[in-house]
């Protein structure tokens, strides 16, 4: 399954290599394949929790080692049952290797209702490209006020159920707060870029064009009045 790390590598790390080694047609073909894969399977990502993982008691470790088929699973009661959480060992620059809880998410291909909800949320964002070009530092700081709105967009896309993903839903608010307290600004930005690709605006626009072209060619011309 496609992960967030894959898309981060694709959009950021492979760009320069593709420009040097591939022709324009080859680059376009690879980009189309990557977008098509994203549209078909969506993207998975994980977020580390801010609570220290509990160590399993020595008795349970001994039991699980000698009786793996009857292994005991110890659940941390601080973590809601509905969360998809697993322990992972990560490398910390200061603490070295440590075990943390990772919460897993899957942004599946977006339904039309979800795409429309995201569109309505985006209408709440206002910015001027000219102002950003003239005063990039000042205007960029102003745009940070939309951080909560971006987190809500990611929450709506992650839930991706018309009834639940309603921006006024309590589940959306709960997930929005989680992302606000657990995601960096850079990671939030990359998730929004992936969601933008999942909306497939180019494909939708082309469909509208084709429909309008068909209507234009099939509509009979008015009879000339002599």
Item to check | Two-decimal log10 I(q)/I(0) for the stretch 38-98, as the Debye equation yields it once each C-alpha is a single scatterer, q = 0.12, 0.18, 0.24 Å⁻¹ | outcome: -0.48, -0.91, -1.13
Next on the checklist: How much length would be gained if the chain were fully extended between residue 63 and residue 193, taking 0.36 nm per residue of separation minus their Cα-Cα distance, in nm to one decimal?
Outcome noted: 42.2 nm
Checklist entry - Put a dot 7 Å past each Cα toward the Cβ at residue 142 and residue 50; how far apart are the dots in nm? => result 3.0
Checklist outcome for this item: In whole angstrom, the spacing between the Cα centers of the stretch 58-90 and the stretch 118-190 equals 35
Checklist entry - If the chain between residue 81 and residue 133 were fully stretched, how many nm would it gain, using 0.36 nm times the residue separation less the Cα-Cα distance? => result 14.0 nm
Checklist entry - Ordered by packing density, taken as the mean number of other Cβ atoms within 10 Å over each peptide's residues, highest first, how do 48-59, 173-184, 146-157 rank? => result 146-157, 173-184, 48-59
Next on the checklist: If packing is taken as the average number of other Cβ atoms within 10 Å across a peptide's residues, how do 102-110, 123-131 rank, most packed first?
Outcome noted: 102-110, 123-131
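Rule-based calculations on the coordinates, nothing more; no lab input. Bear in mind the structure is a predicted one, so any value in this text is a computation, not a measurement. Ideal geometry is used to build each Cβ from the backbone, glycine not excepted, and the neighbour counts take in all protein chains shown.
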